[in-house]
Each structure stands twice: as C-alpha cells, then as structure tokens.
Amino acid sequence: MNIYDVIKKPLITEKTTIEKDARNVVAFVVNSAANKIEISAAVKALFNAEVASVKTVNVAGKTKRTMRGVSKRSNWKKAYVTLKEGQNIDFFEA
C-alpha cells in the first residue's frame, strides 16, 4: 500500500491536542486496511519523525435519522501515534 493511501488526514480535536502536549501523541485518520507497521512507516516517511508506538481504533459509523428513514455513516479507523522523545510533528507551520 502506498504511504499516501495509508494516512488520510490528521485528526485535530480538543482531546488529541491535549494528548499531543502532554504525551507527544498524534492522531490520524487512516485507511481501514492499514496495519500498525504500515502506519509507522508512513509517518516516518512523510513527517521525518521517529515513532515509538502505534495504537489503532476501529470507529463504528453513527446511525442517523433522516426524513427518508434511517441511514448509517461509514466506519473508519484512527491511529494514535506516540513519537519518540524530542520528535515533533507540527501541522500548522508558519
């Protein structure tokens, strides 16, 4: 799998911002078929950062009610990437 297909986008929320500041953990939305080794290699290649560990979570899509009945959002996968000491990924570089 291509490294550009593995990582879809960074996941920037209040929780992930706190984790980044406290524990040097960055979150990404990743391809559902990607494994931890591929995610680690993609982060290293794209951001030039050393990875300590990767934890993945499969997120179930929410069920939503609409005027026409019930629909379901897509399932997706997120990865929490712990960076080694001294490493940093800055998404909003000036």
Apply 1/(1 + (r/R0)^6) to the Cβ-Cβ distance of Asp90 and Thr63, taking R0 = 30 Å, and write down the FRET efficiency to the nearest 0.05.
-> 0.25
Loop-located GluC sites (Glu not before Pro) in the chain whose Cβ has at most 15 other Cβ within 10 Å (DSSP) | Glu50, Glu85, Glu93
If each residue's Cβ is checked for other Cβ atoms within 10 Å, how do Val70, Val54 rank with the fewest at the top?
-> Val70, Val54
Given labels modelled 7 Å from the Cα in the Cβ direction, how far is it in nm from Ala45 to Ala33?
-> 1.5 nm
For the chain, rounded, prolate or oblate, judged on the Cα gyration tensor with a ≥ b ≥ c (square roots of eigenvalues), a/c < 1.5 rounded, else prolate if a/b > b/c?
-> prolate
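Test of understanding: what is the full-extension gain from Asn2 to Glu19, defined as 0.36 nm times their sequence separation minus their Cα-Cα distance? Intermediate values should be presented prior to the final figure.
Numbers: separation 17, 0.36 × 17 = 6.12 nm, distance 2.76 nm.
Extra length available between Asn2 and Glu19 comes to 3.4 nm.
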Listed here are the pairs Lys20/Lys64; Lys9/Lys84; Lys36/Lys64; Lys20/Lys72; Lys44/Lys64; which of them are more than 27 Å apart at the Cα?
-> Lys20/Lys64; Lys36/Lys64; Lys20/Lys72; Lys44/Lys64
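Every number in this text was worked out from the coordinates using simple rules, so none of it is lab data. Every value quoted in this text rests on a predicted model; they were computed, and no experiment measured them. Here the Cβ is made from the backbone with ideal geometry for all residues, glycine too, and neighbour counts use every protein chain on show.
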